[in-house]
Amino acid sequence: MPPIIEISGLRKTYKRAFRQPHHALDGLDLEVAAGQVHGFLGPNGSGKTTTLRALLGLIRVDGGTMRIFGEAVPQLLPQVVSRIGAVVESPQFFKHFSGRLTLQLLAESAGLPRTRVDEVLEQVGLREAAKVSVRGYSLGMRQRLAVAQALLKQPRLLILDEPANGLDPAGIHHMRELLQWLAHSQGVTVVVSSHLLSEVQQLCDAMTIVSRGRRIVDGKVADILAGHSGTSLSVRFPDAASLPEAALALTAEEGVSAAIDRERLVVTGAPEAAWVTHTLADAGIYLSELTTETKNLESVFLELTGTAPTPGGTVQIGQSVVPPAAVPVGDPPVDVQVEGVER
Amino acid sequence: MNLFKAELRRIVRRRLSLIFGILVVAAVLVVSVVTFFSSSKGPTESALAEAQAQADAMNAEYHGEYAECMADEAFFEGPGWEWTAEEPGFEELTQQERCEWYVGSPGYTAEDFLWSYTFDLSEEGVVMLIGLAIVAGLVMMLLASSAIGAEWSSGGMSNLLVWHPNRLRVWGVKLAASCAVCAAVVIGVLALAFGLLFVAAAARGEVGTLDAAWWEETLQVLGRTVALTLGMTVLGASLAMLGRHTAIAGGVIAGYLIVGDMLVRVAGMALRMPFPDRLSLYTWVTAWVNGRIELYDWSASNFDGTADIMVIKATEAGLLLGAVVLGFALLATLVFRRRDVG
């Protein structure tokens, strides 16, 4: 099945008076397969929202191609827009309109039945607050309303920019279940841009991480995590005095390195865990604990984007890693691709 | 059509629409009520008698003074009348003519002492209707600019474009909806005002002759007025689309009406150009609504006391005003088509 979203070499430059132009998108590539929840991640200012805006025809781009459902956008966007539901950045509504009226106007403008309004209000948990004016809504309620308007059209592609923003824990849980149900039971393709990495890790099937307007990595979440976990092993011994000797035994193998970290040995480059136990046993050293260093998405993200905080320092906007110029995407997005980052 | 209906509903459901609607209806009611109470069909018996008494008293006073003048042959030879000796022609006047000249014409009537006003619908109604329609048009211009400006400032435009990416269609529908609301309101205001003024005229004034010729002329003038309000609405919406904020549109319009027009007139006079009034938009608006306007240039060296005259007809005024509105609307279209929506 062809990808639902295909973006290739997307460029967007903001020209600024008396200053260097800002390349918001610098040859970005993105592919989203059908029926999956796809996370779209990146540090602040990396071009996520710009990409989504470009996809939806809200901003003009300076280069590259975009396709949704196989149709070139923004040229043919009017032909596919009825299948797209989207929330871009913080949701904004007329404050004096009620939630129901806000949705009714949108539904009416697209010729959707009014009954659909009540359905989505129920779906996002705003049934009781439907008559209240948006002015009285909390951030989370506005977020729910925004998602409701995206769901109105019963879209086949749902694009949500920070959908969990402002939601309470129950709301986040509900949103996660809703999006997964849409993707896995209804076949809706969901693209989620978010900074809540733990949420993305739970919610998404695949993801793309961008930095400075370029793709760094994309693929299945599990594969990306696996690709950046297990490369290091933590080894502990009954006697800390064994550490230097163990390090020596392990580093005898080419490509393997071992560093003493307090009372443990951090081994990288080992072919597999069993090789460590075998090598140490051969050297007459017996370990007490051997664990694979499991990284969560946050640590992988920080590593890939180069935005891990340093003691006493603050990572500034735009200081993320600079990926090399984009290369044509050859493999389907479910395969892990890492560009510019050593695996 | 769905988008048009939704847009109409959105404008109508806005709180500002309700406030403006109340204000416009209130203005019509105030004008009608003031007209009703200030007009009367004629004086009462007692007022007439009182006025007649005043007229009689004045006439009696006149006759006394006149008789005194006629009786005294040397009346105009005393102190203060020396200048008459040098006045050519004074010598040739008879004493009667001199006295009539000095005392004034006799014959005060009760009418001179009655302060009553009778509203005549056929004579004054059209001007009042034009005024009310233009006020309603100004309100609609603000409403249209607010509808567009608020959508930009609230982020609603971004939402709408996600649903309807064809920007030309969105802009066209917004203009059409604003114009439809404007036309409905202005025509409604005219109908309401005419009805109330007719009642006021019938009850306490004069309806006058509302024959076919009156209707033809009135409908032409009011038709042009409605067209003017539609142009104002398009202008307001276009300015808001360009500025992406209601205040910018309101500021530009108010700035021109208050300061800009005055500056243009001053510049015209400073440049000593003939007919400086033609630089004012008000001149062209007046020509459009009234059908024509005559401008006088007294600076021309006509020693016979006549002025050069420039006539602006409704067609010319319509072309200029239409070009201004169309220019702004096209500019707004081009900008909106290419603009990044943030």
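Each Lys and Arg Cβ is given +1 and each Asp and Glu Cβ -1; about its Cα centre, the protein assembly as shown then shows a dipole of about 4320 debye.
Across the options A:Ser242, B:Ala200, B:Met70, the greatest Cα extent toward the positive end of the charge dipole of the protein assembly as shown (unit charges at beta carbon of Lys, Arg, Asp, Glu) belongs to A:Ser242. Only Lys, Arg, Asp and Glu carry charge here, each on its Cβ (+1 for the first two, -1 for the last two); on that basis region B:45-113 has a dipole of about 140 debye about its Cα centre.
Output the 0 to 90 degree angle, nearest 10, between the alpha-carbon long axis of helix B:261-270 and the longest principal axis computed from the alpha carbons of chain B. For helix B:261-270, the angle is close to 60 degrees. With a 10 Å cut-off around each Cβ of B:145-154, the average count of Cβ atoms from other chains is 1.
Total lysine pairs in the protein assembly as shown at Cα distances under 25 Å, for residues eight or more apart or on different chains: 15.
Legend: calculated FRET efficiency, B:Lys5 to A:Ser90, from the Cβ-Cβ distance at R0 = 30 Å, rounded to 0.05, equals 0.60. All alpha carbon pair distances within the protein assembly as shown were sorted into 20 Å bins beginning at 0; the resulting P(r) in whole percents reads 14, 30, 24, 15, 9, 5, 2, 0.
In debye, nearest 20, what is the charge dipole magnitude of region A:151-245 about its Cα centre with +1 on Lys and Arg Cβ and -1 on Asp and Glu Cβ, if you could check?
Working: 8 positive and 10 negative charges, 87 e Å.
Magnitude of the dipole: close to 420 debye.
Which shape class, rounded, prolate or oblate, goes with chain A when its Cα gyration tensor gives a ≥ b ≥ c as root eigenvalues, a/c under 1.5 marks rounded, and past that a/b bigger than b/c marks prolate? Prolate shape, in that a/c is at least 1.5 and a/b is the bigger ratio.
Distance from a point 7 Å along Cα→Cβ of B:Gln96 to each backbone N in region B:48-65: keep the residues under 18 Å and list them by number. Residues B:63-65 fall inside that zone. Ranked by the mean number of other Cβ atoms within 10 Å of their residues, highest first, the peptides A:264-276, B:43-55, B:3-15, A:191-203 come out as A:191-203, B:3-15, A:264-276, B:43-55. Projected onto their three principal axes, the Cα atoms of region A:121-179 cover extents of 30, 25, 18 Å, largest first. If you take the charge dipole of region A:5-226 about its Cα centre, with +1 on Lys and Arg Cβ and -1 on Asp and Glu Cβ, which of A:Leu56, A:Gln201, A:His23 is farthest toward its positive end? Value computed over the given set: A:His23.
With a Förster radius of 51 Å applied to the C-beta separation of A:Glu289 and A:Asp62, the computed FRET efficiency comes to 0.40.
Is region A:1-106 rounded, prolate or oblate when judged by the Cα gyration tensor, a ≥ b ≥ c being the square roots of its eigenvalues, rounded requiring a/c under 1.5 and prolate requiring a/b larger than b/c? Because a/c hits 1.5 or more and a/b fails to exceed b/c, region A:1-106 counts as oblate. For the pair region B:1-64 / region A:276-298, the C-alpha centres are spaced 97 Å from each other. On a 0 to 90 degree scale, rounded to 10, what angle separates helix B:121-154 from the longest Cα axis of chain B? Relative to chain B, helix B:121-154 is tipped by roughly 30 degrees.
Among A:Pro113, A:Pro238, A:Pro74, the residue with the largest mean-square fluctuation in a Gaussian network model of chain A, with springs joining Cα atoms closer than 10 Å, is A:Pro238. Cα centroid separation, region B:93-158 to region B:215-245: 21 Å. Largest GNM mean-square fluctuation among A:Leu103, A:Leu76, A:Leu179, using chain A with Cα springs under 10 Å: A:Leu76.
Comparing B:Val185, B:Val264, B:Val162 in a Gaussian network model of chain B where C-alpha atoms under 10 Å apart are linked, the largest mean-square fluctuation is found at B:Val162. Over every Cα atom in chain B, the radius of gyration and the widest Cα-Cα span, Dmax, amount to 29.4, 99 Å. If you sort the three axes of the alpha carbon gyration tensor as a ≥ b ≥ c, you get a/c under 1.5 for region A:230-292, which makes it rounded.
Each part gets one Cα centre, and for region B:313-342 versus region A:161-224 those centres are 45 Å apart. Couplings 3J(HN,Hα) for region A:245-261, derived from phi with the Karplus relation 6.51 cos²θ - 1.76 cosθ + 1.60 (θ = phi - 60°), are 5, 5, 4, 5, 5, 6, 6, 5, 7, 5, x, 9, 10, 9, 10, 7, 10 Hz, where x marks Gly and Pro. What FRET efficiency comes out for the pair B:Tyr117/B:Asp297, r = Cβ-Cβ distance, R0 = 35 Å, nearest 0.05? About 0.45, to the nearest 0.05.
In this simple spin-label approximation, B:Ala60 and B:Leu29 carry label points 7 Å from Cα along the Cα→Cβ vector, and these lie 5.0 nm apart.
When the protein assembly as shown is described by a simple charge dipole with +1 on each Lys and Arg Cβ and -1 on each Asp and Glu Cβ, the residue from B:Leu175, B:Thr118, B:Val189 located farthest towards its positive end is B:Leu175.
Please pull out the direction-averaged projected area of region B:45-113, using the convex hull of its alpha-carbon atoms, in nm² to one decimal place.
Quarter of the Cα hull surface area: 5.2 nm².
Computed from the coordinates by the stated procedures, all read-outs in this text should not be read as laboratory data. A quick note: this is a predicted structure, and the numbers were derived from the prediction, not measured. Neighbour counts are summed over all protein chains in view; Cβ atoms, including those assigned to glycine, are modelled from backbone coordinates with ideal geometry.
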